[in-house]
Amino acid sequence: MSSPASAGNLDDLGTPNWAHLDRLSDQRGMFEHAEGTQRRADHGYCTDDNARVLVVTAREPDTGSARRLTRISLRFVLDAQDQNGQVRNRRDQLGRWSDVGSVQDCWGRTVWALGTTAALHQDSLIRLLARNGYDKSVGQRSTWPRAMAFAALGAVAIIGLEPDHAPSRSLLADTLDVIGSVPTGTWHWPEDRLTYANAALAEAVIAAGASLNRSEDLDRGLAMLAWLLERETAGGHLSVTPADGRAAGQDGPGFDQQPIEVAALADACWRAHAVTGDQSWLRGVRAAAGWFNGDNDSGHAMFDPNSGGGYDGLLVDGVNLNQGAESTLALISTRQRARTLAPMP
């Protein structure tokens with residue numbers, strides 16, 4: 001599935017286009033998949049995407065579609081929590097949960113979403129509800145590095161409000177342990193293989209190191225991100241890890257490339273700049289926004305300007321025209337990060 005190559009205006013980063021997210025949602029939550037622009041209700045909902053909604057709407061004024069989506073997704077995410085603070089992920093179109101609580105990625109993204117909403121949202125009741133949910137899940141732990149990394153980003157948001165909040169500080173310390181050390185040599189990464197949302201690991205280490213005043217961890221996270229950004233850049237544009245991952249010795253463009261990887265890079269580079277003040281990190285955010293506008297390995301824009309949706313994958317000769325929730329939210333998140341940094345050096 002492909003689209004003609006096109007380039008958008010990188011300076012046009014105003015209010016997000018919520019139209020496609022409105023199309024993907026109903027009174028219960030955000031549907032996960034789409035065929036083209038049409039939601040696939042039969043594929044149901046997932047907590048991962050509804051948590052992502054909260055992260056991006058918390059950054060915006062509480063009006064219009066952002067207001068509606070916040071309340072729908074907050075109700076969904078809070079309902080996904082079990083009594084112990086673990087989180088269910090899969091729900092069918094009739095509202096029935098098909099799995100049990102876990103501490104996989106959906107738990108991590110829930111803690112991220114609730115912590116971010118509790119810290120940033122304009123509405124005091126929404127902040128309170130989110131904080132109650134955050135407190136319910138922050139004591140859980142996962143052995144999955146990405147789940148811990150996502151959760152750490154929520155903990156950092158809470159520490160921004162309460163620097164001595166012990167449960168959040170404990171989560172950050174445990175996250176650093178789970179992600180682990182970085183080997184010396186040419187493969188400067190704590191895992192043998194790059195998989196998905198890789199930059200979230202680097203961002204979590206950067207944010208945790210800064211929040212805990214652990215300079216060695218901050219430096220480790222910055223080194224991880226610098227290595228990843230260099231590895232995922234080619235020809236002056238982002239050339240990110242493909243969906244099936246990448247190990248040492250696997251070089252050159254890989255496909256399919258997915259928007260989640262680009263959004264994670266934008267977040268991590270934004271964080272690195274926020275923590276260090278180093279202007280050079282802004283170029284990473286700019287490159288992430290450019291990737292969606294066609295500055296990528298295939299030269300195709302990764303969004304539909306008419307629908308407001310993000311395409312699901314960059315192919316060697318075009319794009320996957322399906323516009324799922326994850327891809328659209330990655331587009332919005334990346335543009336939010338680029339917007340906060342304009343004008344760029």
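The values are calculated or read from the model by the stated rules, or taken from the named source; none is laboratory data. Small disclaimer: the values here were computed from a predicted structure and weren't measured. Every residue, glycine as well, gets a Cβ built from its backbone with ideal geometry; the counts of neighbours run over all protein chains shown. Calculation scope for accessible area: heavy atoms of the full protein, side chains included, ligands and nucleic acids excluded. Shrake-Rupley method; radii C 1.70, N 1.55, O 1.52, S 1.80 Å.
Picking from Ser280, Ser307, Ser298, which residue would you name as being over 15 Å from Ala243 (Cβ atoms) and part of a loop (DSSP other than H, G, I, E, B)?
Ser307
Could you list, in sequence order, the residues of the stretch 234-291 that are charged (D, E, K, R) and in contact (Cβ under 8 Å) with a residue 60 or more places away in the chain? Let's see the steps before the verdict.
So in the stretch 234-291, the residues charged (D, E, K, R) come out as 244, 246, 251, 256, 261, 267, 271, 278, 283, 286.
Within the stretch 234-291, Asp256, Glu261, Asp267, Arg271, Arg283, Arg286 qualify.
For the stretch 232-251, enumerate the residues that are among the β-branched types (Val, Ile, Thr) and either touching a His at 6+ places or on another chain (Cβ under 6 Å) or open to solvent by less than 50 Å² (accessible area, probe 1.4 Å) (or both). It would help to see each step written out before you state the result.
To start, the set of residues in the stretch 232-251 that are among the β-branched types (Val, Ile, Thr) comprises 233, 240-241.
Those that are among the β-branched types (Val, Ile, Thr) and either touching a His at 6+ places or on another chain (Cβ under 6 Å) or open to solvent by less than 50 Å² (accessible area, probe 1.4 Å) (or both): Val240, Thr241.
Here's the yes/no breakdown for (1) among the hydroxyl-bearing types (Ser, Thr, Tyr); (2) open to solvent by 20 Å² or more (accessible area, probe 1.4 Å); (3) modelled with pLDDT under 95:
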| site | (1), (2), (3) |
| --- | --- |
| Trp144 | no, yes, no |
| Gly160 | no, yes, no |
| Trp189 | no, no, no |
| Tyr196 | yes, yes, no |
| Ala202 | no, no, no |
| Ala207 | no, no, no |
| Ala210 | no, yes, no |
| Glu230 | no, yes, no |
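Conditions: (1) within 16 Å of Ala199 (Cβ to Cβ); (2) out of contact with any strand residue (DSSP E or B) (no Cβ under 7 Å at 6 or more places or on another chain); (3) open to solvent by 10 Å² or more (accessible area, probe 1.4 Å). Asp304 meets all but one. Number of the miss?
(1)
Mind checking which residues of the stretch 1-42 are among the hydrophobic types (A, V, I, L, M, F, W, C) and either modelled with pLDDT of 70 or more or open to solvent by 60 Å² or more (accessible area, probe 1.4 Å) (or both)? Show your work before the answer.
Our first condition is that a residue be among the hydrophobic types (A, V, I, L, M, F, W, C); within the stretch 1-42, this holds for 1, 5, 7, 10, 13, 18-19, 21, 24, 30-31, 34, 41.
Listed by number, the residues that qualify are Met1, Ala5, Ala7, Leu13, Trp18, Ala19, Leu21, Leu24, Met30, Phe31, Ala34, Ala41.
Among all residue pairs at least 6 apart or on different chains, which show Cβ distances below 8 Å where the first residue, located in the stretch 97-120, is under 22 Å from Arg59 (Cα atoms) and the second is open to solvent by less than 30 Å² (accessible area, probe 1.4 Å) and in a strand (DSSP E or B)?
From the stretch 97-120, the pairs are Cys106/Cys46; Cys106/Val87; Trp107/Val87; Thr110/Gln81; Thr110/Val87.
Given the criteria over 19 Å from the mean Cα position of the chain (by Cα), under 22 Å from Trp144 (Cα atoms) and not aromatic (Phe, Trp, Tyr), does Asn84 qualify? Steps first, answer last, please.
Numbers: over 19 Å from the mean Cα position of the chain (by Cα): yes; under 22 Å from Trp144 (Cα atoms): yes; not aromatic (Phe, Trp, Tyr): yes.
Against the criterion (over 19 Å from the mean Cα position of the chain (by Cα), under 22 Å from Trp144 (Cα atoms) and not aromatic (Phe, Trp, Tyr)), Asn84 qualifies.
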